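*Asks:* Here it is: the structure, laid out below.
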Amino acid sequence: MEAIDWVILCATLAFIVLYGVYKTRGKQTAAEYIKGGDARWWTVGLSVMATQASAITFLSTPGQAYTDGMEFVQFYFGLPIAVIIICVTFIPIYHKLKVYTAYEFLEKRFDLKTRSLASILFLIQRGLAAGITIYAPAIILSAVLDWELKYLNIIIGVLVVIYTVSGGTKAVNVTQKQQMVVIMGGMIAAFVLIVTQLPDNVTMDNALTMAGDADKMKILDFKFSLDDRYNVWSALFGASFLMLSYFGTDQSQVQRYLSGKSVKAMRIGLLFNGLLKVPMQFFILLVGVMVFVFYQFNATPLNFNPAAQKAVMESPYAADYEALQNRHASILTEKQGVQKEYAASLSGEAVLTNPMVLSEQLETLRAAEEDNRQQARILIEKADDSIETNDKDFVFIHFILNHLPKGLIGLLLAVILSAAMSSTASELNALSSTTTIDIYKRFTNKNSTDDNDVRMSKWFTLLWGALAIAFASFVSLFDNLIQLVNFIGSVFYGTILGIFLVAFYIKKVKGQAVFIAAVISQIIVATCAILHEFVDGIEILPFLWLNPLGAFLTVGMAVWFQSMFNGGNAVLVEEVSS
Amino acid sequence: MDSKKQEPKGLYSKKWNTAYAMIIIANLLFAIIFYVISGRYGGN
């Protein structure tokens with residue numbers, strides 16, 4: 001990194017932190033600090049978008065497209081369905097009841113223990129996710145830039161804590177607007193630079209054809225398969241439940257739109273996401289596909305994770321790895337020659353070999369390259385089994401550091417850190433609000449004053465920030481970071497969503513029935529998830545399907561238990577909302 | 001019911017239903033574009 005990159009990176013991050021502190025200076029009431037309450041629709045919309053788009057989105061997603069193609073975009077088809085349901089049903093009730101957290105509604109509808117169960121499940125899953133949100137960019141940046149991991153964890157965490165503690169929900173909202181501008185500006189600049197660095201005869205059409213040849217351009221998959229993580233059906237059913245739970249019941253998102261100044265601002269802010277999220281994810285994946293095309297004409301390392309390369313070169317397997325590197329270099333040279341000829345044929349220039357033959361040669365060379373990479377992964381694992389051999393999360397950052405011009409490297413690093421800060425800020429803000437409103441104020445100090453609520457909320461933000469940094473220091477890499485976050489969410493979200501679905505739509509079910517149903521459902525879902533992910537030879541359900549499973553189990557059992565019980569202590573939804 | 005009367009004006013109006021329909025239609029259009037792109041480049 002050059003001095004200009006450091007200046008851009010530090011200036012961007014310092015501006016965001018200072019802007020957040022400056023815009024929210026002065027004394028705030030609990031309503032202002034915890035709820036916000038005066039945000040316009042574009043602030044709500046950008047805040048919701050920035051909360052969901054973490055650093056993982058910008059590191060993992062292009063890498064996912066580089067290795068697996070564009071299919072991941074299907075995952076977001078559930079989002080528009082979910083936000084419309086939330087706009088129709090959830091927002092009017094949250095707004096009418098003037099709740100600070102989503103879980104407050106559950107006590108009004110059911111009882112205290114159901115509210116507490118949902119808020120504790122949220123605190124567990126979001127507390128873990130907050131650690132990963134900090135850790136994910138830190139581990140990757142530390143590996144490629146040789147920065148100390150623990151210091152990176154601390155720097156990201158502390159920057160977020162400064163303005164989140166200082167200004168609460170409003171500080172989170174105002175900084176997320178700046179962060180989204182930095183993020184989208186940086187990604188568009190990266191895309192333009194990738195395309196301009198392709199050979200002259202590679203038009204966009206030719207680039208997409210080449211990517212299609214390598215099986216990167218299959219976007220929609222209509223085949224129903226439980227083994228396949230991403231297809232249209234898992235998106236419409238599995239992901240819809242995940243999105244409904246995430247946007248409707250996860251306080252880190254609910255708090256974003258509850259800060260809207262009116263129902264109209266909340267709804268338009270959410271619909272803004274329903275409209276733009278799918279094309280935005282498509283664009284980020286397309287960046288990854290263009291990076292793939294770029295690397296068809298340029299050298300790649302045998303493994304994109306520099307820490308993995310370093311470990312194996314310092315082990316007894318160094319000679320074997322060097323042999324693989326030599327083979328990799330000769331495959332790349334041959335592949336680049338064929339690729340150039342193929343590009344020329346696609347652009348209508350005369351070539352000696354039939355384009356179909358060239359395409360087949362490329363396929364053979366890609367298979368040889370992948371086989372070589374696989375052998376390298378095996379050596380890395382033998383050298384150090386604690387190092388992540390799956391290098392897809394390192395692809396985009398490798399491109400940024402090695403092929404972008406001075407200045408833009410600093411901007412793209414600011415993009416990644418801004419994204420990490422924006423989602424972490426929402427998480428800490430929501431964890432603090434839930435701890436203050438649903439736990440502290442409800443159980444410990446029912447008569448807490450306004451000033452005390454603000455003070456406690458600040459302390460809880462600080463506490464959750466410290467816990468997130470501590471967790472980030474212990475977590476290790478999963479198959480893919482973005483999937484780890486979705487996996488943790490899927491284990492808890494189904495049950496929480498089931499509770500809310502019963503609350504909103506099944507008026508006859510009361511607190512006792514839904515509470516027992518939720519506890520049993522959570523135990524079943526967690527058992528299925530653990531067996532499926534961590535026990536060899538046992539396959540139950542891919543994680544996306546845990547969302548509908550948890551929701552159906554909770555709803556089904558709640559209805560069944562209620563039919564067995566008589567009486568209860570619930571309030572019907574009409575009574576609550578009147 | 002009384003609760004309906006107390007809700008902000010136009011909470012369930014035709015204007016909102018149109019907005020929801022537009023979001024669905026926009027996303028269906030995206031799906032169609034993706035289908036066309038898959039057909040053009042994905043089946044090579």
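All of the numbers you see were taken from the coordinates with simple rules; none came from a lab. None of these values were measured; they are calculated from a predicted model. A quick note on method: Cβ atoms are made from the backbone with ideal geometry, for glycine too, and the neighbour counts reach across all protein chains shown.
*Asks:* Can you work out ³J(HN,Hα) from phi for every residue in the stretch A:252-267, in order, using Karplus 6.51 cos²θ - 1.76 cosθ + 1.60 and θ = phi - 60°, giving whole Hz and x for Gly and Pro?
*Replies:* 5, 9, 4, 5, 5, 7, 5, 6, x, 6, 8, 4, 4, 4, 5, 5
*Asks:* Treating only the Cβ of Lys, Arg, Asp and Glu as charged (+1, +1, -1, -1), what charge dipole size does chain A show about its Cα centre? Round to the nearest 20 debye. Intermediate values should be presented prior to the final figure.
*Replies:* Working: 42 positive and 47 negative charges, 662 e Å.
Computed charge dipole of chain A: roughly 3180 debye.
*Asks:* For labels at A:ALA319 and A:ASP215 in the simple 7 Å Cα→Cβ model, what's the distance in nm?
*Replies:* 3.6
*Asks:* Set the Förster distance to 45 Å, then compute FRET efficiency between A:SER473 and A:ASP200 from the Cβ-Cβ distance, nearest 0.05. Provide the component values of the computation, followed by the final result.
*Replies:* Numbers: r = 48 Å, r/R0 = 1.06.
Once the sixth-power term is evaluated, E becomes 0.40.
*Asks:* Evaluate the relative contact order of the stretch A:306-390 (contact order divided by residue number), counting alpha-carbon pairs under 8 angstrom at least 6 apart; express in whole percent.
*Replies:* Working: 57 pairs, mean separation 37.7, N = 85.
So the answer I get is 44 percent.
*Asks:* In addition: With the cut-off at 1.5 for a/c, could you classify the stretch A:415-566 from its C-alpha gyration tensor as rounded, prolate or oblate? Working shown, then result.
*Replies:* Working: a/c = 2.50, a/b = 1.13, b/c = 2.22.
It comes out oblate by the Cα gyration axes.
*Asks:* Dipole of the protein assembly as shown (Lys/Arg Cβ +1, Asp/Glu Cβ -1, origin at the Cα centre): which of A:THR114, A:GLN309, A:PHE471 lies farthest to the positive side?
*Replies:* After comparing all options, I get A:THR114.
*Asks:* To continue, here is another question. Just how large is the dipole of the stretch A:427-477 about the Cα centre, in debye to the nearest 20, putting +1 at every Lys and Arg Cβ and -1 at every Asp and Glu Cβ?
*Replies:* On the way: 5 positive and 5 negative charges, 26 e Å.
Computed charge dipole of the stretch A:427-477: roughly 120 debye.
*Asks:* Looking at chain A, identify the longest residue range that excludes and avoids all chymotrypsin sites (Phe, Trp or Tyr not before Pro) in DSSP loops having at most 11 other Cβ atoms within 10 Å.
*Replies:* On the way: sites that count: A:PHE222, A:PHE224, A:PHE474.
That would be A:225-473.
*Asks:* On a 19 Å Cα-Cα criterion, which of the cross-link pairs A:LYS96/A:LYS261; A:LYS340/A:LYS392; A:LYS264/B:LYS14; A:LYS177/A:LYS441 come out too long?
*Replies:* Values: A:LYS96/A:LYS261 13 Å; A:LYS340/A:LYS392 25 Å; A:LYS264/B:LYS14 14 Å; A:LYS177/A:LYS441 31 Å.
Over 19 Å apart, Cα to Cα: A:LYS340/A:LYS392; A:LYS177/A:LYS441.
*Asks:* Can you give the FRET efficiency for A:LYS27 and A:LEU112, using 1/(1 + (r/R0)^6), R0 = 35 Å, r = Cβ-Cβ distance, to the nearest 0.05?
*Replies:* On the way: r = 32 Å, r/R0 = 0.91.
Efficiency for this residue pair is about 0.65.
*Asks:* Under a point spin-label approximation (7 Å from Cα along Cα-to-Cβ), what is the A:ASN402-A:SER330 distance to one decimal in nm?
*Replies:* If labels sit at A:ASN402 and A:SER330, their model points lie 2.1 nm apart.
*Asks:* Would the protein assembly as shown count as rounded, prolate or oblate if I go by the C-alpha gyration tensor, calling it rounded below 1.5 in a/c and otherwise prolate when a/b exceeds b/c, oblate otherwise? Provide the component values of the computation, followed by the final result.
*Replies:* On the way: a/c = 1.81, a/b = 1.63, b/c = 1.11.
Judged from the Cα gyration tensor, the protein assembly as shown comes out prolate (a/c at least 1.5, a/b above b/c).
*Asks:* Looking at chain A, identify the longest residue range that excludes and avoids all GluC sites (Glu not before Pro) in DSSP loops having at most 12 other Cβ atoms within 10 Å.
*Replies:* Details: sites that count: A:GLU2, A:GLU148, A:GLU314, A:GLU349, A:GLU539.
Counting only loop sites that pass the neighbour cut-off, the longest clear stretch is A:350-538.
*Asks:* Using a/c under 1.5 as the rounded threshold, could you call the stretch A:86-230 rounded, prolate or oblate? The axes a ≥ b ≥ c are square roots of the C-alpha gyration tensor eigenvalues, and prolate needs a/b larger than b/c, oblate otherwise. List each step's numbers first, then the result.
*Replies:* Values: a/c = 2.14, a/b = 1.52, b/c = 1.41.
Cα axes put the stretch A:86-230 in the prolate bin.
*Asks:* Can you work out ³J(HN,Hα) from phi for every residue in the stretch A:420-436, in order, using Karplus 6.51 cos²θ - 1.76 cosθ + 1.60 and θ = phi - 60°, giving whole Hz and x for Gly and Pro?
*Replies:* Karplus-based 3J(HN,Hα) across the stretch A:420-436 equals 4, 5, 5, 6, 5, 4, 4, 5, 5, 4, 6, 4, 5, 4, 5, 5, 5 Hz.
*Asks:* Between the stretch A:313-343 and the stretch A:345-362, what is the C-alpha centre distance in whole Å?
*Replies:* Comparing the Cα centres of the stretch A:313-343 and the stretch A:345-362, I get a distance of 23 Å.
*Asks:* Another question, then. Take the alpha carbon atoms of the stretch A:434-466, find their center, do the same for the stretch A:112-140, and report the distance between the two centers in whole angstrom.
*Replies:* 17
*Asks:* Within chain A, what's the longest run with no trypsin sites (Lys or Arg not before Pro) in a DSSP loop and at most 11 other beta-carbon atoms within 10 Å? Give the range, please. Kindly include the intermediate steps, with their values, before the conclusion.
*Replies:* Values: sites that count: A:ARG25, A:LYS27, A:LYS98, A:LYS223, A:LYS446.
Longest stretch, sites excluded: A:224-445.
*Asks:* At 0.36 nm per residue, minus the direct Cα-Cα distance, what do A:PHE552 and A:ASN298 gain on full extension? Give it in nm, one decimal, please.
*Replies:* Working: separation 254, 0.36 × 254 = 91.44 nm, distance 4.97 nm.
Here the segment from A:PHE552 to A:ASN298 would lengthen by 86.5 nm.
*Asks:* If you don't mind, there's one more thing I want to ask. Along the positive direction of the dipole of chain A (beta-carbon charges: Lys, Arg +1; Asp, Glu -1; about the Cα centre), which of A:SER262, A:HIS328, A:ILE16 reaches farthest?
*Replies:* Positive-most Cα among the choices belongs to A:SER262.
*Asks:* Let's see if you can work this out: charge +1 on each Lys and Arg Cβ, -1 on each Asp and Glu Cβ, no other charges. What is the dipole magnitude of the stretch A:306-390 about its Cα centre, in debye to the nearest 20? Kindly include the intermediate steps, with their values, before the conclusion.
*Replies:* Details: 8 positive and 15 negative charges, 31 e Å.
Dipole magnitude for the stretch A:306-390 comes out near 140 debye.
*Asks:* Label A:SER262 and A:TRP459 with points 7 Å out from Cα along Cα→Cβ: what is the distance between them in nm?
*Replies:* It is 3.9 nm.
*Asks:* What list of ³J(HN,Hα) values in whole Hz, one per residue of the stretch A:462-467 in order, does the Karplus curve 6.51 cos²θ - 1.76 cosθ + 1.60 (θ = phi - 60°) give from phi, with Gly and Pro shown as x?
*Replies:* Couplings: 4, 5, 5, x, 5, 5 Hz.
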